[in-house]
Structures are given as structure tokens and as C-alpha cells.
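*Asks:* Below is a structure I'd like to ask you about.
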Amino acid sequence: MSLDAASFVFWISITGLVVGAALWAWSFIEKHPIRRLRQMDCGTVLVFSSILLRFVGQGKPLGVIEWALALLSPLFVAGALWRLSRTACPAKGPMKHNKGGMA
């Protein structure tokens, strides 16, 4: 079995889709609300990024639903990444605005 670029992109996108869907599904079991939100956002980023990767790797023209996903996916990815950055833990160590205090 030879692995060309199109099949390599296909398998990477399938892997991202499976891992993203698993993270998203696992977030419903999580008890901690911030961890649940971060798992759901990570799953969203992986799922929609794998959809965009599939569009890049396929050789046929896009249909109507695929164009709608191609236009909406970056919005979902950007929203999830923004929320991930807002819920990140504060940095450890000296803080510049606190005149050398610890976090």
C-alpha cells in the first residue's frame, strides 16, 4: 500500500475527527465546569479543523453544504480558541504588573 498525499491528508483528518469527537463526548462526563468547557472547545477545534483539512485534500469541487461548512468552520475554530485562551490558567512565577509578586 503506497501512501500518497491525498490519502495521508485523509488519514490525518480522520484521526483529528475521531480524537475531537471523543474529547467532545468525554466533556459530558466531566464534572469540573471549566475542564468540561475546555474539553468541548478542544474537540470543536479538532473536528472543524479536520473538516477543513478534508476539503483541502479532496480532489473534487465543493458542494453547497461543503461551502457552508468551509465558511462557518473558521468562525467556530476562532470562537473555541478565543474561549480556550480566556479560560487558561494564569502563569506561574513573577508577574510584571505585580512588581515581582508570585501568582
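*Asks:* Restricting to segment 1-30, name every residue that is open to solvent by 80 Å² or more (accessible area, probe 1.4 Å) and in a loop (DSSP other than H, G, I, E, B).
*Replies:* MET1, SER2, LEU3, ASP4, PHE28, ILE29
*Asks:* Give the residue that is least open to solvent (accessible area, probe 1.4 Å), with candidates limited to residues of segment 31-54 that are closer than 19 Å to SER73 by Cβ and charged (D, E, K, R).
*Replies:* ASP41
*Asks:* Oh, and also: Would you please list the contacts, defined by Cβ atoms under 9 Å and residues six or more apart or on different chains, that run from a residue in segment 33-49 that is closer than 18 Å to TRP67 by Cα and free of Cβ contacts under 8 Å to residues at least 60 places away in the same chain to a residue that is of a type in the set (A, V, I, L, M, F, W, C) and outside any helix (DSSP H, G or I)?
*Replies:* none
*Asks:* From the set of residues in segment 55-93 that are open to solvent by 50 Å² or more (accessible area, probe 1.4 Å) and aromatic (Phe, Trp, Tyr), which is farthest from GLY20 (Cα to Cα)?
*Replies:* TRP67
*Asks:* Is there any pair with a first residue in segment 62-81 that is without any contact (Cβ under 8 Å) to a residue 40 or more places away in the chain and a second that is surrounded by 11 or more Cβ atoms within 10 Å (Cβ to Cβ) and not in a helix (DSSP H, G or I) whose Cβ atoms are under 9 Å apart and which are 6 or more apart or on different chains, and what are they?
*Replies:* Between residues of segment 62-81 that are without any contact (Cβ under 8 Å) to a residue 40 or more places away in the chain and residues that are surrounded by 11 or more Cβ atoms within 10 Å (Cβ to Cβ) and not in a helix (DSSP H, G or I), the close pairs are GLU66/GLN58; LEU69/LEU62; ALA70/LEU62.
*Asks:* Here are ARG83, ARG38, ARG54: which of them is basic (Lys, Arg), assigned to a helix (DSSP H, G or I) and touching a Phe, Trp or Tyr at 6+ places or on another chain (Cβ under 8 Å)?
*Replies:* Details: ARG83 fails: touching a Phe, Trp or Tyr at 6+ places or on another chain (Cβ under 8 Å); ARG38 fails: touching a Phe, Trp or Tyr at 6+ places or on another chain (Cβ under 8 Å).
Checking each option against the conditions leaves just ARG54.
The values are calculated or read from the model by the stated rules, or taken from the named source; none is laboratory data. Computed from a predicted structure; not experimentally measured. Neighbour counts run over all protein chains shown; Cβ positions are idealised from the backbone, glycine included. Just so you know, the surface numbers come from the protein's heavy atoms only, side chains and all, with ligands and any DNA or RNA stripped out. Shrake-Rupley method; radii C 1.70, N 1.55, O 1.52, S 1.80 Å.
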